[in-house]
Amino acid sequence: MPEALQSVTTVGSEAEAEMVCERLLAEGIHAIAQRTIGGREWGSSGARSVVVDPRDLERARAVLASEEGSFSDEELTRLSEEAGREADG
């Protein structure tokens, strides 16, 4: 039986989770964003856990630590606009 996926980080929105997943994929690490348990969540809002294969956990943490705070304003704007379009239908 495969090992359960492990959480590498938790972020505040779907857009942030997508950015984290994209960063990890650029390093060859496949990640999945999942809604966290508890609290109110509508559409693209609400916290997300980003999970990876346990074999990639330490490397994923290192990638995210090396890029902490490095999301550009353009990336944030683009993903925010995409999330807004998806929410509008």
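Hey, can you rank 24-32, 8-16, 50-58 by average C-beta count inside 10 Å, highest first?
8-16, 50-58, 24-32
Karplus-derived 3J(HN,Hα) values for segment 22-29, using 6.51 cos²θ - 1.76 cosθ + 1.60 with θ = phi - 60°, are 5, 4, 5, 4, 4, 9, x, 10 Hz; glycine and proline are entered as x.
No lab work stands behind these numbers, since they all come straight from the coordinates. Small disclaimer: the values here were computed from a predicted structure and weren't measured. No Cβ is skipped: glycine too gets one built from the backbone with ideal geometry, and neighbour counts run over all protein chains shown.
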